[in-house]
1. May I ask you to evaluate 6.51 cos²θ - 1.76 cosθ + 1.60, the Karplus curve with θ = phi - 60°, for each residue of the stretch 9-18 and list the ³J(HN,Hα) values in order in whole Hz, giving x for glycine and proline?
2. Using a ≥ b ≥ c from the Cα gyration tensor of the stretch 27-80 (square roots of the eigenvalues), is it rounded, prolate or oblate, where a/c under 1.5 gives rounded and otherwise the larger of a/b and b/c decides, a/b for prolate?
3. Check residue 124: other-chain or 5+ apart residues with amide H under 5 Å from its amide H, H built from backbone geometry?
4. Counting helices only, and only those DSSP H runs with n ≥ 4, report the 222 nm mean residue ellipticity of the chain as the sum of -39,500 (n - 2.57) divided by its residues, in deg cm²/dmol to the nearest 500.
5. Which FRET efficiency value, to the nearest 0.05, do you get for residue 139 and residue 44 by plugging their Cβ-Cβ distance into 1/(1 + (r/R0)^6) with R0 = 30 Å?
6. Could you go through the stretch 103-112 in sequence order and give the Karplus-derived ³J(HN,Hα) for each residue, using 6.51 cos²θ - 1.76 cosθ + 1.60 with θ = phi - 60°, rounded to whole Hz, and x for Gly and Pro?
7. Between [x] 11, 43, 36, 10, 0; [y] 9, 26, 31, 25, 9, 1; [z] 10, 35, 36, 17, 2, 0, which entry matches P(r) over Cα pairs in 10 Å bins from 0, in percent as derived from the coordinates of this structure?
8. What FRET efficiency would be calculated for the residue pair residue 164, residue 109, taking the C-beta separation as r and a Förster radius of 25 Å, to the nearest 0.05?
Amino acid sequence: VQEGMTVYLDCGSTMELIARELRSRRGITVLTASLDGAQMLSGADGPCLIMVPGVYQAAIRGFSGQMTTDFMERFQVDLAFLGANALDISCGLTSPDYTDAETKRRLIRQARRVVVAADHTKLGCQCFERIACLSELDVLVTDTDVAPELLSSLRQELKEVICC
């Protein structure tokens, strides 16, 4: 994330960690529907924070739905950081919640680059509704506990995979 960039930060526990990293970045704008992400960024001197409205969902501690997507259609973001319930070679990025899935699908269209952050427990799994094929995603950031065979397959399908 570089100065002058506009970033969308999805909901979920992983996004709170990303928000913590963005606190010190000056000259960026962060749009988020995450209560935890907004709280993390609200006291920071660095980024400009824009809270994205929507219908509150306790499970994700944030907002999603039609109001969220209508609001986000006004913006083009450089990076969209998305959380994941499941990411699989054959099904792509999926969600157990149709509202969350539709919100993420539309956010992907508003982003120049899409970064999915998911730990190894979400990889190789499938949920109810498809959000995006792997070809629609730019970067996967995951932990180092990914099974080597799965990691190899993901590296063949995705533009970039970062393990940290």
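The values are calculated or read from the model by the stated rules, or taken from the named source; none is laboratory data. What you see is a predicted model; the values in this text were computed from it and never measured. Positions of Cβ are generated from backbone atoms using ideal geometry, with glycine treated the same way; all protein chains shown enter the neighbour counts. Note: accessible area is taken over every heavy atom of the protein model, side chains too, but ligands, DNA and RNA are not part of it. Shrake-Rupley method; radii C 1.70, N 1.55, O 1.52, S 1.80 Å.
1. Along the stretch 9-18, the couplings run 10, 5, 8, x, 5, 5, 5, 4, 5, 5 Hz.
2. Numbers: a/c = 2.55, a/b = 1.22, b/c = 2.09.
Cα axes put the stretch 27-80 in the oblate bin.
3. 87, 88, 89
4. Values: 5 runs with 47 residues, N = 164.
Computed mean residue ellipticity for the chain: -8000 deg cm²/dmol.
5. Numbers: r = 24 Å, r/R0 = 0.79.
The formula returns an efficiency of 0.80 here.
6. Couplings: 4, 5, 4, 6, 5, 4, 5, 8, 10, 6 Hz.
7. [x]
8. Values: r = 28 Å, r/R0 = 1.11.
With a Förster radius of 25 Å, E is 0.35.
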